[in-house]
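Working notes, structure below.
The values are calculated or read from the model by the stated rules, or taken from the named source; none is laboratory data. On a predicted model such as this, the values are computed, not experimentally measured, just so you know. No Cβ is skipped: glycine too gets one built from the backbone with ideal geometry, and neighbour counts run over all protein chains shown. Just so you know, the surface numbers come from the protein's heavy atoms only, side chains and all, with ligands and any DNA or RNA stripped out. Shrake-Rupley method; radii C 1.70, N 1.55, O 1.52, S 1.80 Å.
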Amino acid sequence: MPELPEVETIRRSLAPVAEGQRIMQTEIFLERLVKWPEPADFVGRLADRTIVRIGRTGKYLRFLLDNGNELILHLRMTGQLRFMAAGQDEMPPYARLVFRFAGGASLYYADARTLGAVYALKPDELWRLHGLMEMGPEPLTAEFSLGYLRETLQGHRTKIKSFLLNQKYIGGLGNIYADEALFLAGIHPLRTAASLHGPEVASLYGAINEVIRTGIADGGTTVRNYLDGAGKKGSHQERLHVYQRTGKPCHRCGTPIERIVIGGRGSHFCPRCQLLEEESV
DNA sequence: AGCACTTCCTGATAGC
DNA sequence: TGCTATCAGGAAGTGC
């Protein structure tokens, strides 16, 4: 599932080849994925527009167009973008949308489970995308400071695992990196946000930045079907300590990794390194 | 307001 | 082998 490091890797793989391309034609194979505006208007807004820059906010990919409008995509669980150079055009499996460029190259949006979302928005329509507008600060930015994390944690009684997944508080974390950050920080996922004390908050802060930094450096985590814009896998799966390692020995102490469900999400942790009691640090 | 729960969606996998 | 049930989970919506 693409989280911040995966979306950033996709952005980096697409920027050199897609920036400067002019969209000649947009074909929609599954209209349900186009959330705004209506498909006919969506296609019209993109026609003849040039992609100026590809940006990212949290897990949203943002294609800035030459008239100030934006093509915005959220890949959710199984969305993929595949750039095809002129002449190598082949339709990837589960293709749902294709943008054809002047000069013959094309960009496919593929999505097996069709949970993704695509928008073509004018600047004064961005408010429609609540998830984007209400996104919290991202790891590795000045805005995401230790003080910010401490204060935000204090105001919430929800479980720390659910807190980390809430994009309003921190932008870009998903299930994989949330579990990994909690392991690195030695914090049990069922602890409440407000219960974390000073050293734990500092440890969690460092761990969040660390997993995101190494995730990006590794080109993302390919556990199911994630690929970047050129079809390449990431390598961060080789560094995972707990995610999808249920029953396997903890890399630190050898205790089998456990899996529980929190807020409907599978949560993986080491029952010895991540104690529920507060004197665990 | 904050939090928990439900829904969407279908390929992969487990179990029989 | 082939069928069915379960699971994966981000974000929006619902309800307490």
Test result for A:A194, more than 30 Å from A:E90 (Cβ to Cβ), within 16 Å of DNA strand B (Cβ to nearest atom) and either surrounded by fewer than 17 Cβ atoms within 10 Å (Cβ to Cβ) or modelled with pLDDT of 95 or more (or both): yes
Looking at the range A:109-122, can you tell me whether even one residue there is open to solvent by 10 Å² or more (accessible area, probe 1.4 Å), assigned to a loop (DSSP other than H, G, I, E, B) and away from DNA strand B (no atom under 16 Å from the Cβ)? yes
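Residues that are out of contact with any Leu (no Cβ under 8 Å at 6 or more places or on another chain) and surrounded by fewer than 21 Cβ atoms within 10 Å (Cβ to Cβ): which strands (runs of 3 or more DSSP E) entirely in the range A:21-96 hold 2 or more of them? Walk me through it before giving the result.
Working: elements: A:23-28, A:34-36, A:51-57, A:60-65, A:70-74, A:79-84.
Passing ranges, in order: A:23-28.
Give the number of residues within the range A:239-261 that are touching a Ser or Thr at 6+ places or on another chain (Cβ under 6 Å) and under 24 Å from A:H197 (Cα atoms).
Number satisfying all stated conditions: 1.
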When A:D228 is evaluated against the numbered criteria (1) under 22 Å from A:T78 (Cβ atoms); (2) surrounded by fewer than 17 Cβ atoms within 10 Å (Cβ to Cβ); (3) modelled with pLDDT of 90 or more, which criterion, by number, is the only one it fails? (2)
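Matching residues to (1) away from DNA strand C (no atom under 12 Å from the Cβ); (2) under 22 Å from the mean Cα position of the chain (by Cα); (3) open to solvent by less than 50 Å² (accessible area, probe 1.4 Å):
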site: A:L132; (1), (2), (3): no, yes, yes
site: A:M135; (1), (2), (3): no, yes, yes
site: A:L140; (1), (2), (3): yes, yes, no
site: A:E143; (1), (2), (3): yes, yes, no
site: A:R150; (1), (2), (3): yes, no, no
site: A:Q154; (1), (2), (3): yes, no, no
site: A:Q167; (1), (2), (3): no, yes, yes
site: A:G186; (1), (2), (3): yes, no, yes
site: A:L190; (1), (2), (3): yes, no, no
Taking the range A:77-105 as the search range and keeping residues that are of a type in the set (S, T, N, Q) and within 16 Å of DNA strand C (Cβ to nearest atom), which one is nearest to A:A47 (Cα to Cα)? A:Q80
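Within the range A:116-134, how many residues turn out to be among the aromatic types (F, W, Y) and touching a residue at least 12 places away in the same chain (Cβ under 8 Å)? Explain how you work it out, then say what you get.
Applying the first criterion (among the aromatic types (F, W, Y)) to the range A:116-134 yields A:119, A:127.
Now drop any that are not touching a residue at least 12 places away in the same chain (Cβ under 8 Å), which leaves A:119.
The number of residues fulfilling the criteria is 1.
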Take A:Y243 and tell me if it is more than 16 Å from DNA strand B (Cβ to nearest atom) and aromatic (F, W, Y). no
